[in-house]
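Worksheet for the structure shown next.
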Amino acid sequence: MDSHRAGQSKRTKAHGSEDPLERLKLLDAEIRRLTHICALLSWDQETYMPCEAVGERSEQLELLSGLIHDRLTSRKLAGLLRDAGVDEANPMGPAGLPPLQRAFLRELYRSHRRSIRLPRRLVTELARQTAIGQARWAEARKAADFRLFSPHLAAILALVRESASCLGWVEHPYDPLLDEYEPWMRSSQVERVFSGLRPRLTDLVRRIVDSPRKPDTSFLKAVFEPAKQRQFSLRMLRALGYDFQRGRLDESAHPFTTTVGRADVRLTTRYNPKAIASGIFGTIHEAGHGLYELGFGEELAGTLLADGASMGIHESQSRLWENLLGRSLPFWRRFFPELQGLFPEALGGIGVEEFYRGINAVEASLIRVEADEVTYNLHILARFELEKRLIAGQLEVEELPAAWNEQYGSLLGVVPPDDAQGVLQDIHWSMGSFGYFPTYALGNLYAAQFYHTLRRDLSGLDEHLLRGEFAPILAWLREKVHRLGRSVPAAELCRQATGAELDPAFLLDYLESKYAGIYGL
């Protein structure tokens with residue numbers, strides 16, 4: 001090797017590739033690692049961290065959030081994006097680049113543009129306040145006393161409102177917050193989708209309530225030992241295809257999925273000894289998230305494209321497994337004998353069809369995560385309206401419990417008896433995750449549309465469920481959804497996978513058909 005080439009080789013090793021795209025990938029990989037470290041610290045906080053450690057943990061997360069923000073807003077990143085041909089007029093770079101590289105540039109530029117609008121002080125303070133807020137929320141929920149959490153929520157809300165102002169908006173200050181979870185969607189679009197859902201949904205609820213045929217649910221309220229619930233949860237996860245060499249299952253106050261790396265995707269659930277359905281379907285729900293995270297294409301590994309297309313698409317995977325597959329009769333013809341064997345006293349005299357009707361009973365309930373398929377979206381509509389008012393300054397924190405109860409009385413006809421079953425039931429606001437809730441309802445819509453296409457494409461779906469053969473289902477989802485990660489925006493992914501725009505009719509048709517059979521409508 002001559003001296004010139006040797007010197008060039010040393011510079012390349014020292015400074016990395018001179019290709020701006022390759023240097024951007026190196027920067028992004030570093031940001032991914034920092035993000036995964038944050039995820040690990042947050043997972044630990046929700047599972048095993050000693051309660052007295054919250055102060056130092058908040059400082060650790062504050063530091064890491066600042067480091068991530070520094071990298072996303074750096075002049076180096078901005079310069080490399082320019083060198084790669086990326087700007088407002090060309091947010092995906094030169095037209096001649098391969099699609100995957102253009103998608104990478106689009107997402108990195110989007111992340112950079114959002115980040116530079118947020119002051120570092122705001123990002124780090126929000127990280128610190130939410131770390132503390134999550135701990136105080138858990139305490140307040142346990143005590144069923146919103147007053148223990150309200151000052152922390154007020155601090156978080158002030159920072160979130162400031163974030164919305166910094167990010168900018170045209171129609172509503174809620175829009176830039178929604179955009180964090182459902183990219184390129186505005187609240188007015190969500191409202192149009194929800195308006196297409198609400199009339200038929202409320203009519204279906206009315207007809208179900210008026211039906212004289214009521215499924216028996218009393219056996220679901222027997223005592224179910226948590227240790228055996230965990231045993232069944234682990235059995236189901238293995239059957240569905242969740243890889244325990246790349247993940248684990250733990251318990252937390254609020255079930256969630258955390259990605260710590262491409263080979264480290266962790267699930268949590270919770271077990272209620274007097275409500276077995278909560279643990280079963282909470283576990284299946286998180287399995288859907290985990291399977292998605294474990295299914296990103298190899299070519300996306302280590303990049304920001306190894307992520308969900310949107311939270312609506314992410315929720316579609318959890319809701320598809322939890323409800324459209326996991327609450328089906330063929331699914332339980334396969335699994336009910338095993339569950340019955342674990343709990344012979346509670347379920348010994350119950351038939352599989354009676355169990356199926358029980359787990360699909362429709363009633364106006366208080367708890368979102370335990371709601372049935374039909375009323376679930378009403379829980380989301382309530383939160384969506386409250387969030388918009390909070391962000392717009394039309395509702396203050398101290399008014400929230402009363403406003404929550406009013407929404408539940410209006411939409412579901414029930415009023416929470418205490419704060420734990422009302423305004424404190426969700427962790428999201430303590431995390432500053434305003435804008436997240438609508439994605440649950442969008443996830444239901446996407447899920448029904450994917451399910452309709454899955455049934456068309458995969459012959460004998462019910463037979464696969466009866467035999468506990470989930471590999472063909474997972475393979476279809478891997479091909480149509482999972483492998484693409486964030487490389488394809490949600491709306492385009494929906495069109496590619498199903499051949500149609502997002503349409504509430506798919507969910508409504510599914511619900512009306514299924515519940516006509518259960519309730520004799």
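Remarks
- Scope the range 235-268; condition closer than 13 Å to GLY290 by Cβ and of a type in the set (A, V, I, L, M); matching residues: MET236, LEU237, LEU240, LEU249, VAL260, ALA263, VAL265, LEU267
- Scan the range 207-231 for residues that are more than 30 Å from GLU512 (Cα to Cα) and touching a Leu at 6+ places or on another chain (Cβ under 6 Å) and the total you get is 1.
- Note on the range 263-297: residues that are of a type in the set (Asp, Glu), over 13 Å from the mean Cα position of the chain (by Cα) and either in a helix (DSSP H, G or I) or crowded, with 24+ Cβ neighbours inside 10 Å (or both) total 0.
- Among (1) under 16 Å from LEU177 (Cβ atoms); (2) in contact with a helix residue (DSSP H, G or I) (Cβ under 8 Å, 6 or more places away or on another chain), the one test that ALA158 misses: (2)
- Taking the range 45-65 as the range and being without any contact (Cβ under 8 Å) to a residue 60 or more places away in the chain and open to solvent by less than 40 Å² (accessible area, probe 1.4 Å) as the test, the residues that pass are MET49, ALA53.
- Qualifying residue in the range 372-380 (condition: without any contact (Cβ under 8 Å) to a residue 60 or more places away in the chain and of a type in the set (A, V, I, L, M, F, W, C)): no
- Qualifying residue in the range 320-337 (condition: among the polar types (S, T, N, Q), under 20 Å from ASP372 (Cα atoms) and in a helix (DSSP H, G or I)): yes
- When ALA14, ALA39 are checked against the criterion of being surrounded by fewer than 16 Cβ atoms within 10 Å (Cβ to Cβ) and either at pLDDT below 95 or within 30 Å of PRO255 (Cα to Cα) (or both), a single residue qualifies: ALA14.
- Per-region count, the range 79-122, residues over 22 Å from ALA306 (Cα atoms) and surrounded by 16 or more Cβ atoms within 10 Å (Cβ to Cβ): 3
- For the residues LEU324, LEU347, LEU381, LEU320, the requirement of being hydrophobic (A, V, I, L, M, F, W, C) and farther than 30 Å from GLY413 by Cα singles out LEU347.
- Only residues that are surrounded by 15 or more Cβ atoms within 10 Å (Cβ to Cβ) and within 18 Å of GLY297 (Cβ to Cβ) were counted in the range 467-485, giving 10.
- Residue match in the range 191-204 (condition: open to solvent by less than 40 Å² (accessible area, probe 1.4 Å), among the β-branched types (Val, Ile, Thr) and at pLDDT below 95): yes
- If you filter the range 471-508 down to residues that are in contact (Cβ under 8 Å) with a residue 12 or more places away in the chain and either in contact with a strand residue (DSSP E or B) (Cβ under 8 Å, 6 or more places away or on another chain) or among the charged types (D, E, K, R) (or both), you find that the one that is nearest to ALA287 (Cα to Cα) is ARG478.
- Residue in the range 229-252 that is open to solvent by 40 Å² or more (accessible area, probe 1.4 Å) and in a strand (DSSP E or B) present: yes
- For the range 132-190, a residue qualifies if it is more than 16 Å from LEU390 (Cβ to Cβ), free of Cβ contacts under 8 Å to residues at least 24 places away in the same chain, crowded, with 17+ Cβ neighbours inside 10 Å and among the charged types (D, E, K, R), and exactly one does: ARG186.
- Candidate set: the range 298-315, residues that are open to solvent by less than 10 Å² (accessible area, probe 1.4 Å) and among the small types (Gly, Ala, Ser); chosen: the one farthest from ARG483 (Cα to Cα): GLY312
- Entry remark, the range 212-228: residues being assigned to a helix (DSSP H, G or I), of a type in the set (A, V, I, L, M, F, W, C) and surrounded by fewer than 17 Cβ atoms within 10 Å (Cβ to Cβ) number 2 in total.
The values are calculated or read from the model by the stated rules, or taken from the named source; none is laboratory data. Quantities reported herein were computed from a predicted structural model and do not represent experimental measurements. Using ideal geometry, Cβ is built from the backbone for each residue, glycine included, and neighbour counts are taken over all protein chains shown. The protein model used for the area step is the full one, side chains on, heavy atoms only, and it has no ligands, DNA or RNA in it. Shrake-Rupley method; radii C 1.70, N 1.55, O 1.52, S 1.80 Å.
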